[in-house]
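Peer 1: Have a look at this one.
Please treat every number below as a calculation from the coordinates, not as lab data. Every value quoted in this text rests on a predicted model; they were computed, and no experiment measured them. When we count neighbours, we look across all protein chains shown, and the Cβ atoms used for this are built from the backbone with ideal geometry, even at glycine.
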Amino acid sequence: MTGERPAAQRRRRWLWPILIGTGLAAVIANLGFGAFDVGPDRVVAILFDHAGVDLGIEFTPREDAVVWSLRLPRLVLAFFVGAALGGTGAALQGLFRNPLADPQIIGLSGGAALGAGVVLAIGPGVLGRFGGPIGGFAGALGVALAVYTLARYEGRTEVVNLVLTGVAVSAVAGAAIGYLSVAVDTPRLQTALFWFLGSFTLSTWESARPTLLFVAVSLALLPRYATRLNLLLLGEAEARHLGVNVERVRTMLLVVIALGVGGAVAAAGIIGFVGLLAPHAVRLVTGPDHRYLLPASAVGGGVLVLIADLAARTLASPVEIPVGLLTALVGGPFFLWLLHRTRAEYGAWG
Amino acid sequence: MGMTPALSVRAAGYQIGSAALLSDVTLAVPAGGLLGIIGPNGAGKTSLLSLLAGDRSPSTGIVELAGTAIGDFRPAELARRRAVLPQQTLVPFPFTARDIVRMGRHPHHADPANSRQRDDAVVAEAMAETDTLHLSNRVYPSLSAGEQTRVALARVFAQETPVILLDEPTATLDIHHQEQTMRLLRTRAAAGTAIVAVLHDLNLAAAYADQLVLLASGRVAAQGTPREVFDQQLLSSTYQQSMRVMDHPHRDCPLVVVE
């Protein structure tokens, strides 16, 4: 009788109830609160009304318009963007064997922003609405490959290399986008600074659809790599000895991750630290097994961004704070704490 | 003539740039054999092991697994034929010891005859053999170096391969677990596994390996049974350390002491 891990399994039972409970509360709060408040009962009634169920709770056409046409698209987009960041963050930490990897910290988001910005500047042409996400995907993939090549040494990724590469890439991307916003006369790019800070203000249903597609494909493919990511945590040589085609898995994962990050950044700009916060919070409950970690980090990231966006819209109402500022305010100190702890545990490697 | 060896190397050389790390190495390990690779630091022991594992391709010569060039195997097939214990396995996330051992079962998950019950049984047996069952629920990064090595060894056993390669399996172990580990390897070999181990401790190598390869500067300085290889002058000159070879008082093998 081998016996099962009691602790991890018992904890894991709480995972989905917590995520779903928090998520539903965040959905109702997001749809209800804002410049114009709608009570939670009415929010639920409006949602059920559109599903064809009459709950017998009165609501006005104006409330219906605000909840269904204004706030719901933004909520769906925010959730998917957060899911992309949370899921890809968990995958990056596994791929780099480094608990400090995050799409923004290692520069993927910067690369994606630059890619999407360049497409907007020169005009998407035949790419149409898909231009932004495709540019974002190309930028994120380019940075991912560069970081993977530059920051690794003998199968390990040094914290310092990883973070400094990200700093350099983000600086270049920020400067280039700043230049584009001055030099090119495109309405979207003139608000580039706001976009660069991360925000859902400029997003519409129309602009959201390509992003939803990119993120959905990325999140659907990620769990296929869960077992191989677990094996990669033993080390690249060890994973190869266990039958993993390391080069192919690595390339495929970088493409899948770039799809998610590119799509998310094209719609919402750079929202940092979600890819760090969500997987670490989830890992406390699930342990490091990617079969549980990947889907839960995605949902956790989505819920986290919902909460952040609610705060962004309501804290300084009627002024809206860029949501990326809020995630950085929480995530930055968390990152510092994590950096400290990781270096204490694993030395310079981490 | 005879059976195809489980693992063989013919005239293999390995170069990086102009540096020859290995030259003209020839050896064969039959099923049931335990080959020890010994030699001073920088002699090419780990390079040889990585050729045997298929991690690197020889610049010249050939490495064969059961008569087939090792480069011809797909990664998944190779993983069912040989397992490798590295010098150290660092895991940056809190997997339990059992999680780590269970990863050794991955190559068998494509096999329809394999089952979860079989995985559990093999994992439990490997952990019992390596004296790690009591560590099952402990978090791997929190284990001592010696405990980590034994858990990693259990993972290698759980892989159930006809060939096992080990890079200094006893380096981090106390004397009790050194002897226990070498006895385990002998038992595995007696059951038909071909084993190659890089060993630093000459007396462990002499006591437990049936064949030895002494490497010096990337070349085979001697190979054969421990008695054949343990030539006092050869060992002393190879290690640049004066040594005396005598008979072990209780075991049927040579014993080396530093003069």
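Peer 1: Output the relative contact order of chain A, whole-number percent, from Cα pairs under 8 angstrom with separation of 6+ residues. Write down the numbers at each step before the final one.
Peer 2: Working: 603 pairs, mean separation 101.0, N = 350.
Computed value for chain A: 29 percent relative contact order.
Peer 1: Here is a further query. Indicate the gyration tensor shape class of region A:29-114 (rounded, prolate or oblate), computed on the Cα atoms with a ≥ b ≥ c the square roots of the eigenvalues: a/c under 1.5 is rounded; otherwise a/b larger than b/c is prolate and the rest oblate.
Peer 2: Because a/c hits 1.5 or more and a/b exceeds b/c, region A:29-114 counts as prolate.
Peer 1: While we're here: Could you size up the charge dipole of region B:88-160 around its Cα centre, putting +1 on the beta carbon of Lys and Arg and -1 on that of Asp and Glu, and report it in debye to the nearest 20?
Peer 2: Details: 8 positive and 9 negative charges, 37 e Å.
That gives region B:88-160 a dipole magnitude of about 180 debye.
Peer 1: Please compute one quarter of the surface area of the Cα convex hull for the protein assembly as shown and express it in square nanometres.
Peer 2: Numbers: hull surface 133.0 nm².
Projected over every direction and averaged, the Cα hull of the protein assembly as shown covers 33.3 nm².
Peer 1: Next up: Please report, in Å, the Rg and the Dmax of region A:57-159, where both are computed over Cα atoms only.
Peer 2: 18.5, 65
Peer 1: Then there is this: Based on the alpha-carbon gyration tensor of chain A and its eigenvalue square roots a ≥ b ≥ c, which shape applies: rounded if a/c is under 1.5, prolate if not and a/b is larger than b/c, or oblate? Could the numbers behind the result be given before it?
Peer 2: Numbers: a/c = 1.88, a/b = 1.24, b/c = 1.52.
The shape class here is oblate.
Peer 1: When the helix-only estimate is applied to chain B (DSSP H runs of n ≥ 4, each -39,500 (n - 2.57), divided by the residue count), what is the mean residue ellipticity at 222 nm, nearest 500 deg cm²/dmol? Walk me through the numbers on the way to the answer.
Peer 2: On the way: 9 runs with 84 residues, N = 259.
Theoretical 222 nm ellipticity from helices: -9500 deg cm²/dmol.
Peer 1: For region A:72-123 and region B:58-80, what is the centre-to-centre distance using only Cα atoms, to the nearest Å?
Peer 2: If we compute the Cα centre of each part, the gap is 40 Å.
Peer 1: For chain A, what is the mean residue ellipticity at 222 nm derived from helices alone (per DSSP H run of n ≥ 4: -39500 (n - 2.57); sum divided by total residues; nearest 500 deg cm²/dmol)? Spell out each step's value before the answer.
Peer 2: Working: 16 runs with 251 residues, N = 350.
Taking each H run of at least 4 residues, the total per residue is -23500 deg cm²/dmol.
Peer 1: So, one more: Relative contact order of chain B, please, whole-number percent, based on alpha carbon pairs below 8 angstrom and at least 6 residues apart.
Peer 2: On the way: 508 pairs, mean separation 65.5, N = 259.
Once divided by the residue count of chain B, the mean separation gives 25 percent.
Peer 1: Something else about it: Rounded, prolate or oblate, given the Cα gyration tensor of region A:228-279, with a/c below 1.5 counting as rounded?
Peer 2: Values: a/c = 4.84, a/b = 2.08, b/c = 2.32.
Cα axes put region A:228-279 in the oblate bin.
Peer 1: Starting from the Kirkwood Rh over alpha-carbon pairs, what translational D in µm² s⁻¹ does region B:45-165 have by Stokes-Einstein at 4 °C and 1.567 mPa s? All intermediate terms of the calculation are to be shown ahead of the outcome.
Peer 2: Values: Rh = 15.2 Å.
Stokes-Einstein gives a translational diffusion coefficient of 85 µm²/s.
Peer 1: Note the angle between two axes, namely the Cα long axis of helix B:145-158 and the longest principal axis of the Cα atoms of chain B, as a number of degrees from 0 to 90, rounded to the nearest 10.
Peer 2: 70 degrees
Peer 1: While we're here: Report, as a whole number in µm² per second, the diffusion coefficient that Stokes-Einstein gives for region B:123-259 at 37 °C and 0.692 mPa s using the Kirkwood radius over alpha carbon pairs.
Peer 2: The Stokes-Einstein estimate is 202 µm²/s.
Peer 1: How far is helix B:116-129 tilted off the main Cα axis of chain B, in degrees rounded to 10, range 0 to 90?
Peer 2: 40 degrees
Peer 1: So if I place +1 on the C-beta of Lys and Arg and -1 on the C-beta of Asp and Glu, and nothing else carries charge, what would the dipole magnitude of chain B be about its Cα centre? I want it in debye, nearest 20. Write out the running numbers ahead of the final one.
Peer 2: Details: 22 positive and 25 negative charges, 95 e Å.
Taking the Cα centre of chain B as origin, the dipole is about 460 debye.
Peer 1: Is any helix in chain A, taking whole DSSP H runs, at least 27 angstrom long along its axis by alpha carbon and on average at least -0.5 on the Kyte-Doolittle scale, and which ones?
Peer 2: Working: long enough: A:6-32 (40 Å, 0.37); A:72-95 (34 Å, 1.40); A:131-151 (29 Å, 1.43); A:159-183 (36 Å, 1.91); A:246-268 (32 Å, 1.63); A:290-314 (36 Å, 0.95); A:323-346 (33 Å, 0.76).
The answer, listed by residue number, is A:6-32, A:72-95, A:131-151, A:159-183, A:246-268, A:290-314, A:323-346.
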